[in-house]
Amino acid sequence: MTTEHQHQGVSVGLKPGRGWLRRNFITEVYLPSLFSRRRGDSARPSYPVLRDHDICLTWIGHASFLISWRGLNLLIDPIWSLWLKVVKRMRHPGIHLDHLPAIDLVLVTHAHFDHLDRRTLRRIAAAQPIVVPYGVANLVHGLGFDRVHEMHPWETLSLNDVTVTLTPCHHWGARVLHDRYRGFGGFHFKFSDRSVFHCGDSAYFEGFREIGQRLPTEIALLPIGAYEPPMKREVHMNPEQAVRAFSELGAQTLVPMHYGTFRLSYEPLDEPLERFRAEVNRRNLDERVRILDEGLPTIF
């Protein structure tokens, strides 16, 4: 079996992990979250003037990012909703949706409700293209995008001088239980001689080394939260695994994401960042890590 075939993306099974019934997510996490006040604030951002070589990243919260480069604005996994059905958003989006610049390209890593939010996508759609994994197009048709590009792992698409590659990951793409045919992954962006990798959702897997070998990466946006899910399935990386994935990618700069916004797991909201800082300090990686504030455009 070839390495490429091995790392087309690894789907997580639906079987609960051992001991998942020992705790009660409703009483321990869900109900307390309902009575907790939302943190954060949506400020009006001051978008900087970018030089030709600059990349600007604005973290909206969760896995939502605005990437700006040479007058182009890309939006990844946008979600401005304050609720995921019945799950409460615990931090406000970093900026108001109305304060976004004109968006040239929208990308969605997979169909889960905290990454593909149809209400937000309908408001953002302005006859620009959208990129999704295979099997996800029918969820975004009719929302106002002029083209829907479906991609398989390792496929590459060039749009507006940006080269986009869908990368494998260890997750799953079903929006509801019966549609496990939907694809999932991360996105690697090549901006001239610079690059950004948005991991999407992923548990740790051995494919990160291959991603780094095939797609040299400068800035890696890696998830660090939701690692103690109620079903005890291994679906997201913990902070230590994210740092390991960063090392195996061979990337230059690590930006953590997917923490502090939605309480999807048993760990306290502040724990992922605390564990992440401790692991970064233990590995002496402080100078290679950028922890972003929601809504603050940051030049790289």
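Could you tell me which of the residues 147, 194 is more than 30 Å from residue 296 (Cβ to Cβ), of a type in the set (Lys, Arg) and modelled with pLDDT of 95 or more?
Within the list 147, 194, the selection yields 147.
Restricting attention to region 254-300, which residues are assigned to a helix (DSSP H, G or I) and over 21 Å from residue 203 (Cβ atoms)?
Answer for region 254-300, where residues must be assigned to a helix (DSSP H, G or I) and over 21 Å from residue 203 (Cβ atoms): 277, 281, 282, 286, 287, 288.
Got at least one residue in region 51-58 being closer than 22 Å to residue 261 by Cβ, of a type in the set (D, E, K, R) and either buried (at least 20 other Cβ atoms within 10 Å of the Cβ) or at pLDDT below 95 (or both)?
Among the residues of region 51-58, not one is closer than 22 Å to residue 261 by Cβ, of a type in the set (D, E, K, R) and either buried (at least 20 other Cβ atoms within 10 Å of the Cβ) or at pLDDT below 95 (or both), which makes the answer no.
Which one of these is among the small types (Gly, Ala, Ser) and under 26 Å from residue 236 (Cβ atoms): 192, 202? Walk me through how you get there before you give the answer.
Numbers: 192 fails: under 26 Å from residue 236 (Cβ atoms).
That would be 202, the only listed residue that is among the small types (Gly, Ala, Ser) and under 26 Å from residue 236 (Cβ atoms).
Looking only at region 33-54, count every residue that is closer than 15 Å to residue 297 by Cα and either free of Cβ contacts under 8 Å to residues at least 40 places away in the same chain or not charged (D, E, K, R) (or both) and tell me the total.
Total satisfying the criteria: 9.
I'm checking my understanding of the structure. Among residues of region 116-147 that are assigned to a loop (DSSP other than H, G, I, E, B) and touching a Ser or Thr at 6+ places or on another chain (Cβ under 9 Å), which one is nearest to residue 174 (Cα to Cα)?
116
For the condition buried (at least 19 other Cβ atoms within 10 Å of the Cβ), of a type in the set (A, V, I, L, M) and farther than 21 Å from residue 47 by Cα, what is the one hit in 111, 127?
After applying the criteria, what remains is 111.
Mind checking whether some residue in region 244-251 is modelled with pLDDT of 95 or more, closer than 29 Å to residue 36 by Cα and out of contact with any helix residue (DSSP H, G or I) (no Cβ under 7 Å at 6 or more places or on another chain)?
Within region 244-251, the first condition is being modelled with pLDDT of 95 or more, and the residues that meet it are 244-251.
Applying the additional criterion that residues be closer than 29 Å to residue 36 by Cα yields none.
Scanning region 244-251, I find no residue that is modelled with pLDDT of 95 or more, closer than 29 Å to residue 36 by Cα and out of contact with any helix residue (DSSP H, G or I) (no Cβ under 7 Å at 6 or more places or on another chain), so the answer is no.
Go through 181, 204, 259 for me and flag whichever is of a type in the set (Phe, Trp, Tyr) and under 12 Å from the mean Cα position of the chain (by Cα). Walk me through how you get there before you give the answer.
Details: 181 fails: under 12 Å from the mean Cα position of the chain (by Cα); 204 fails: under 12 Å from the mean Cα position of the chain (by Cα).
Just one listed residue meets the conditions, 259.
Residue check, residue 166 against (1) touching a helix residue (DSSP H, G or I) at 6+ places or on another chain (Cβ under 9 Å); (2) without any contact (Cβ under 8 Å) to a residue 60 or more places away in the chain; (3) not in a loop (DSSP other than H, G, I, E, B), all met but one. Which one?
Just one mismatch for residue 166, condition (1).
When you check residue 194 against the structure, is it in contact with a strand residue (DSSP E or B) (Cβ under 9 Å, 6 or more places away or on another chain), in contact (Cβ under 8 Å) with a residue 60 or more places away in the chain and surrounded by fewer than 19 Cβ atoms within 10 Å (Cβ to Cβ), yes or no?
Criteria met by residue 194.
Residue 64 - would you say it is buried (at least 20 other Cβ atoms within 10 Å of the Cβ), under 15 Å from residue 260 (Cα atoms) and of a type in the set (Ser, Thr, Tyr)?
yes
The values are calculated or read from the model by the stated rules, or taken from the named source; none is laboratory data. The model shown is predicted, which means the values in this text are computed figures rather than measured ones. Here Cβ is always computed from backbone atoms with ideal geometry, including for glycine, and neighbour counts include all displayed protein chains.
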